[in-house]
Amino acid sequence: MSPPESPSARYRFGTRVLDPARRELRCDDVPQQLPARTFECLHYLIAHRDRAVGRDELVRAVFGRRAVSDAQLAQIVLRARRAIGDDGQEQRAIRTVPRFGFRWAADVEVIEAVSTDAVRDPVVRDVMPQATMPVDVPVVEATDDEAPFAHTHTLAANDDGRPFDERPFLGKPAAHKPRSRTWRMAAACLALAALVVGFVSWPGRSHAPAALAHNAPPHAIIVLPMQVEGAGTAAWARLGMMDFVVDRLRRANQPVWSSEATLALLRTRDRAGDPQRVRHDTQANWIVESRARNVPEGWDVTMTATDASGRVRNGAAQNADLVAATRLASDRLLVGIGAASPAIALDAPDLDERLQRAQSALLANDPDAAQTLLLGATPAQQKTPLWQFRAAQVDLAAGRFVGGIDRLSRLLHTDAFKKDAPLRSQAYALQGMLLVRLDRFADAERSYEQAIELLGATTDASSLGRALIGRGAARMAQGRFDDALADLGRARIQLTRAGDRLSVAKVDGNLGILEMQRDHPQQAVAAFEKAERDFQAMGATLELAGVRNMLMTLYLQLLDPAKALAVADRAWAAREHLHDPTVIGHLHLARAEVLATVGRLREARALVEQLPDGLIAGPGDADRLHYVQVELARQTGDLVETARLAETALIDWPGDRNPRLRAWVAYRLQDAALEGHLPAPGNDAALAGDRLSEKLGAAIRSQRAGHPDIADAHYRDAVDFAEQTGIPGTIANAVIARAHWLMDAGRLDEAAASIGRVAPWAEQDFDLSLLQVELYARLHQPRAWQASLEQARRLAGERPIPSALRAASPGGPLANAAASR
């Protein structure tokens with residue numbers, strides 16, 4: 001077995017060097033751009049070059065989830081080979097081990113990386129941090145040789161592996177006839193994760209002591225970014241020291257805005273930190289300004305706090321170390337506003353600065369720079385609680401969710417960490433965010449509960465409010481709406497008390513999610529339209545992206561594709577401001593669905609097929625990808641491909657994960673098999689996750705079994721259920737399915753009455769317009785048939801209009817077939 005290697009080790013093979021710490025591959029000393037999963041594949045195979053790596057093991061290392069097909073893994077291996085000049089024929093470096101997996105075959109020289117101390121300070125941008133969304137986590141013992149940012153996955157892989165054409169039920173393709181449109185609420189339930197990502201706040205280093213007096217002033221303190229001057233200016237200090245001062249104030253029992261909320265506010269003011277304008281916009285009690293000058297003796301730091309009545313309090317200090325000077329100045333400022341300095345253990349000076357630099361990089365949306373800074377700490381420093389906590393934040397920002405959970409699990413069980421209740425509460429909140437990213441909502445709820453318990457005896461209203469948002473979101477995802485509403489109500493009170501305007505807006509956005517989960521799309525739209533305006537006004541980029549993703553889904557559900565496309569265009573235009581890979585992935589999928597719905601199939605397919613590695617981070621994201629792929633195939637009229645994709649998606653899809661979306665994919669399979677005259681699939685159990693899908697599936701089974709009366713009753717029941725919801729998309733689904741059944745049975749008067757119910761929406765919905773084309777052909781109404789056909793052509797885009805409908809002039813084959821029944 002290969003000897004343990006340093007976390008900073010690099011691997012040279014031929015003319016190339018793989019540097020895991022920098023996540024970089026260089027060829028002849030020239031960096032090569034690699035997708036995240038391609039890099040992970042190379043790194044894992046090289047790190048385990050002493051043996052063959054099994055397929056399932058490599059899947060866990062690269063994807064961290066179960067829903068991975070052989071084709072997906074083969075594509076990653078192909079990209080990895082191409083990146084290093086290898087191929088599947090020669091296999092000089094990556095060799096296939098038949099019926100097992102892969103093995104690294106090239107010679108490797110292990111070299112040490114250059115010191116990260118030589119890395120320049122990251123360029124700090126005025127951008128919000130990557131806020132993220134919504135057990136007993138097993139304790140994993142760490143060894144001294146463990147890489148600080150190693151990927152440690154605990155998920156099992158269990159792919160079926162059977163090619164689709166070996167499964168029994170598919171037959172020959174048949175002429176396409178649209179039978180049902182998309183059940184948008186199923187996708188909306190899954191898209192919940194995209195919004196929860198932005199609506200659960202980021203836990204910074206700031207935290208309050210466990211025992212505080214309950215006498216907080218009515219309005220919170222706002223700390224503006226530090227102004228840094230002089231030769232050798234430390235760019236990181238502008239945001240890093242701002243966050244450091246926020247931490248000192250909060251530890252001293254002072255209600256203070258989070259750094260993220262302040263930065264969001266300033267972005268709406270052209271990045272200007274005008275104290276008077278800030279007070280006008282926020283009604284803050286104190287505005288804290290700070291200035292650091294690089295002088296021959298080291299650093300000269302001055303701080304000024306001004307309250308609403310014009311009172312001014314100052315604090316100043318000099319020290320060779322910037323962090324030490326800021327600590328002394330802020331403590332002297334605290335004395336001026338009547339608060340005692342917090343009693344905390346001081347970190348080693350060089351570690352303290354390194355941690356603040358890393359936090360600055362996180363606030364500037366640069367997790368790679370934060371990771372590089374952390375890796376520059378000594379091995380002893382890397383074992384400290386604060387280093388480990390900051391590393392877990394980097395894990396979250398970089399998408400290493402399982403690794404971050406494992407790190408926090410080890411940290412939370414150490415004796416040193418158990419004694420630090422404030423930091424422990426933040427760690428539980430961070431653990432909750434990581435668990436939500438993996439769709440482990442019940443586990444996330446328990447983590448947030450532990451954070452809330454620790455914060456309950458404090459006056460840290462901001463942290464408590466954000467933890468309540470997290471637990472409410474986790475409960476909402478489990479369908480426990482009353483409990484979620486109670487948490488969100490408590491959160492709003494706490495955050496209003498703290499003056500945290502951004503987090504209050506997040507609460508309001510979560511209330512929109514709640515309406516969506518309750519199948520009240522009209523109310524949800526109103527809430528999200530307001531949230532979009534609020535977040536845009538505050539420059540809250542991540543939250544704005546989440547709201548827009550949900551609005552796209554809701555407008556499609558309300559059969560308003562024009563509005564959905566307008567939102568999709570706004571969201572796409574702002575994509576360059578997004579850095580979180582999961583949020584970017586959600587944007588790709590939401591836009592692809594909108595484009596497919598308006599008939600722009602080539603663009604939609606390109607978005608899906610060209611998804612960069614790392615954007616589909618969790619199993620829930622993979623589920624939505626499968627759904628969009630099935631929908632694209634359906635829109636093109638390819639029934640066999642629709643059925644194939646749906647069946648493939650359902651193979652390893654557990655019943656307790658996104659059951660509504662799973663049910664709708666199962667219905668797409670049933671419907672495509674019926675319409676394409678394919679053998680009946682055996683996926684009836686999956687339909688139970690959604691009531692409408694279950695009813696329509698039961699109708700199809702009865703129809704296949706030759707029981708028309710029972711089928712008719714099921715179709716009628718489906719329409720009655722849909723009408724009770726009052727949701728246009730739900731009603732359209734049921735009406736389309738029953739209308740086709742009625743027309744095929746020759747019951748044209750009943751079909752016309754049912755289709756008349758959805759006729760107003762046919763002007764903007766392609767499937768409903770096609771339904772009218774068929775009805776008028778069967779009813780021998782040439783003018784209405786021609787008008788509805790022209791309407792369908794206007795809406796079609798790149799979607800095919802079935803030849804049978806285009807040629808079905810009144811009195812033609814469709815009409816005659818109906819009349820002969």
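Summary of values
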| quantity | calculated |
| --- | --- |
| Taking N as its residue count, the alpha carbon Rg of the range 587-667 over 2.2 N^0.38 Å | 1.04 |
| Heavy-atom accessible area per residue - the range 417-561, 1.4 Å, Å² | 29 |
| Förster-model FRET efficiency, 35 Å R0, Glu603 and Arg518, C-beta, rounded to 0.05 | 0.60 |
| Charge dipole (the range 515-592, unit charges on Cβ, about Cα centre) - positive-most of Gly585, Ala568, Ala531 | Ala568 |
| Over 21 Å (Cα to Cα) - which of Lys563/Lys695; Lys530/Lys563; Lys383/Lys418 fall in this group | Lys563/Lys695 |
| Stokes-Einstein D for the range 669-803, Kirkwood Rh over Cα pairs, 25 °C, 0.890 mPa s (µm²/s) | 158 |
| Accessible-area value, Thr636, 1.4 Å probe, nucleic acids and ligands omitted, Å² | 50 |
| Shape box of the range 710-779 [Cα atoms, principal axes, largest first, Å] | 31, 30, 15 |
| Relative packing of peptides 222-230, 638-646 - highest average C-beta neighbours within 10 Å first | 638-646, 222-230 |
| Residue-wise HN-Hα coupling along the range 413-423, computed from phi with Karplus coefficients 6.51, -1.76, 1.60 (Hz; x: Gly, Pro) | 9, 8, 4, 4, 6, 4, 7, 10, 4, x, 5 |
| nm² value of the averaged projected area, convex hull over the Cα atoms of the range 668-733 | 4.4 |
| Ala574 versus Asp368: modelled label distance in nm, points set 7 Å from Cα along the beta carbon direction | 2.5 |
| Solvent-accessible surface (1.4 angstrom probe) belonging to Lys383, in square angstrom, nearest 10 | 140 |
| Phe100, Phe528, ranked by accessible area, largest first (probe 1.4 Å) | Phe100, Phe528 |
| Cβ-Cβ FRET estimate between Lys418 and Asp720, R0 fixed at 56 Å, reported to 0.05 | 0.45 |
| Residue order for Leu411, Leu78 - accessible surface, 1.4 angstrom probe, largest first | Leu78, Leu411 |
| Value of D in µm² per second that Stokes-Einstein yields for the range 416-493, Kirkwood Rh from Cα pairs, at 4 °C (1.567 mPa s) | 106 |
| Relative contact order of the range 633-698, defined on C-alpha pairs under 8 angstrom at six or more residues apart (%) | 33 |
| Karplus-derived 3J(HN,Hα), 6.51/-1.76/1.60, for each residue of the range 739-756, Hz, glycine and proline x | 4, 5, 4, 5, 5, 5, 8, x, 9, 6, 5, 5, 4, 4, 5, 5, 5, x |
| Theoretical gain in end-to-end length, Lys383 to Asp321 [0.36 nm per residue, Cα-Cα removed] | 20.0 nm |
| Ranked order, Thr496, Thr725 - accessible area, probe 1.4 Å, largest first | Thr496, Thr725 |
| Fraction of accessible area attributable to carbon and sulfur, the range 376-530 (%, probe 1.4 Å) | 53 |
| Net dipole in debye of the range 25-67 [+1 Lys, Arg Cβ; -1 Asp, Glu Cβ; about Cα centre; nearest 20] | 280 |
| Equivalent-ellipsoid semi-axes of the range 290-345, from the Cα gyration tensor, Å, largest first | 21, 15, 6 |
| Quarter of Cα convex hull surface for the range 525-678, i.e. mean projection, nm² | 9.3 |
| Packing-based ranking, highest mean first, of 463-475, 41-53, 679-691 given that Cβ atoms within 10 Å are counted | 463-475, 41-53, 679-691 |
| Solvent-accessible area of Ser69 with every protein chain in place, 1.4 Å probe, in Å² to the nearest 10 | 40 |
| Modelled FRET efficiency - R0 51 Å, Ala562 with Val335, Cβ distances, 0.05 increments | 0.25 |
| Relative intensity, log₁₀ I(q)/I(0), of the range 463-615 from a Debye sum that treats every alpha carbon as a point, q = 0.17 Å⁻¹ | -1.00 |
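The values are calculated or read from the model by the stated rules, or taken from the named source; none is laboratory data. Predicted model, so just to flag it, every value in this text is computed and none were measured. Note that we place each Cβ from the backbone using ideal geometry, even for glycine, and neighbour counts take in every protein chain shown. Areas reflect the complete protein model, heavy atoms only, side chains present, ligands, DNA and RNA absent. Shrake-Rupley method; radii C 1.70, N 1.55, O 1.52, S 1.80 Å.
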